[in-house]
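Notes follow once the structure below has been shown.
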Amino acid sequence: MIRIRRLQKSFKGKQVLSDIDLDIEEGQVVSIIGPSGAGKSTLLRCINLLEVPSAGNITVGSKSVSYQTNAKGKLTFLSQMRLSWLRTDVGMVFQQFNLWPNKTVLQNIIEGPCIVKKIPRSEAEAKARSLLAKVGMLEKINEYPANLSGGQQQRVAIARALAMEPKVILFDEPTSALDPELVHEVLEIMVNLAREGMTMVVVTHEMNFARNVSDRVLFMEDGKITRDGHPEDIFGNPSPRMVQFLRSLS
Ligand code: ADP
Ligand code: MG
């Protein structure tokens, strides 16, 4: 479902991702863990092209983009065209929810399907209702984000991602901004999505999720993936750097 080859990203000459190779199968749930600054968010942001990679190739489903930048490091026009085309297959859920504050829950959800995918409004609304029911938020359909708890906003953000019918959803620390008592309501929805076979890449500090829900765990440090395997192997046989990281969480 995702194939990454020799992905590199630098910011102002500082290399943040170095030669990442990664293959993710359809239906796989992959957790990415690792210390702050390791490049986890940058990797996710490169997969859905919120960041323009410095070099490399990314394929999502059957869509492939090779990065060719001009002398100024800007993508060529052709790459730009391919970028928005590829991005529609990749959903993203952020730590800070990123709902549009001046739109209701319903408007937040139907915006993408109506504008980007040109789906008729009535159809998009019907779909939004069923997704909101799925995340337990139907009764808040006409609320504004400011009137919702963090957990509720994140459930709406997940429904919004699903409304685009992505092939993959990327989650960047989806529960890190939540009060502890609200974490479970978001994790529960993620567990259900995982069970339904959604392909998911999840940057998380929730080690229970990484260990018990994901099929595979990646440990990142210094812009590289240094461990990649089944949760039992990774947690059962941690590297010294990973032991240090796990201690820092508790
Ligand atoms: P993580 O998510 O693992 O904490 P990030 O991917 O956010 O790590 O960041 C990796 C490195 O890239 C950090 O050193 C960070 O300061 C740097 N970085 C991230 N985004 C930018 C940016 N837009 N401009 C400059 N440096 C950045
Ligand atoms: Mg991050």
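The values are calculated or read from the model by the stated rules, or taken from the named source; none is laboratory data. Fair warning: this is a prediction, and the values are worked out from it, not measured in the lab. Reconstructed Cβ throughout: ideal geometry from the backbone, glycine too, with neighbour counts over all protein chains shown.
Data table
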item: Residue in segment 55-68 that is touching a Ser or Thr at 6+ places or on another chain (Cβ under 9 Å), away from ligand 1 (no atom under 13 Å from the Cβ), among the hydrophobic types (A, V, I, L, M, F, W, C) and modelled with pLDDT of 65 or more present; result: yes
item: Options T204, T199; residue that is of a type in the set (S, T, N, Q), under 14 Å from the mean Cα position of the chain (by Cα) and within 16 Å of ligand 2 (Cβ to nearest atom); result: T204
item: G37 vs. criteria surrounded by fewer than 16 Cβ atoms within 10 Å (Cβ to Cβ) and under 23 Å from Q244 (Cα atoms); result: yes
item: Residue satisfying all of: in segment 10-44; of a type in the set (A, V, I, L, M) and not in a strand (DSSP E or B); farthest from the chain's Cα centre (by Cα) among these; result: A38
item: Sole residue being closer than 21 Å to I2 by Cβ and either touching a Phe, Trp or Tyr at 6+ places or on another chain (Cβ under 7 Å) or not charged (D, E, K, R) (or both), chosen from I141, I169; result: I169
item: Pairs with Cβ under 6 Å, 6+ apart, first in segment 82-94 and closer than 14 Å to S41 by Cα and surrounded by fewer than 22 Cβ atoms within 10 Å (Cβ to Cβ), second of a type in the set (D, E, K, R) and modelled with pLDDT of 75 or more; result: F94/D172
item: Pair list, Cβ < 7 Å and 6+ apart or interchain, from segment 28-54 residues that are in contact (Cβ under 8 Å) with a residue 60 or more places away in the chain and more than 12 Å from ligand 2 (Cβ to nearest atom) to residues that are of a type in the set (V, I, T) and part of a loop (DSSP other than H, G, I, E, B); result: V29/V213; S31/T204
item: Residue satisfying condition, being surrounded by fewer than 16 Cβ atoms within 10 Å (Cβ to Cβ), over 11 Å from I33 (Cβ atoms) and not basic (K, R), within set G229, G223; result: G229
item: Residues of segment 5-22 that turn out to be more than 10 Å from ligand 1 (Cβ to nearest atom) and small (G, A, S), as a count; result: 2
item: Single unsatisfied condition, I141 versus (1) buried (at least 18 other Cβ atoms within 10 Å of the Cβ); (2) touching a Lys or Arg at 6+ places or on another chain (Cβ under 9 Å); result: (1)
item: Count of residues meeting criterion [in contact with a helix residue (DSSP H, G or I) (Cβ under 6 Å, 6 or more places away or on another chain) and either surrounded by fewer than 21 Cβ atoms within 10 Å (Cβ to Cβ) or of a type outside the set (S, T, Y) (or both)] in segment 18-32; result: 2
item: Residues of segment 23-54 that turn out to be at pLDDT below 95 and within 13 Å of ligand 1 (Cβ to nearest atom), as a count; result: 8
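Table: residues versus (1) surrounded by 15 or more Cβ atoms within 10 Å (Cβ to Cβ); (2) more than 16 Å from ligand 1 (Cβ to nearest atom); (3) modelled with pLDDT under 95; (4) not in a loop (DSSP other than H, G, I, E, B).
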residue: Q153; (1), (2), (3), (4): yes, yes, no, yes
residue: L162; (1), (2), (3), (4): yes, yes, no, yes
residue: P166; (1), (2), (3), (4): yes, yes, yes, no
residue: S176; (1), (2), (3), (4): no, no, no, no
residue: V186; (1), (2), (3), (4): yes, yes, no, yes
residue: N192; (1), (2), (3), (4): no, yes, no, yes
residue: G197; (1), (2), (3), (4): no, yes, no, no
residue: L218; (1), (2), (3), (4): yes, no, no, yes
residue: F235; (1), (2), (3), (4): yes, yes, no, yes
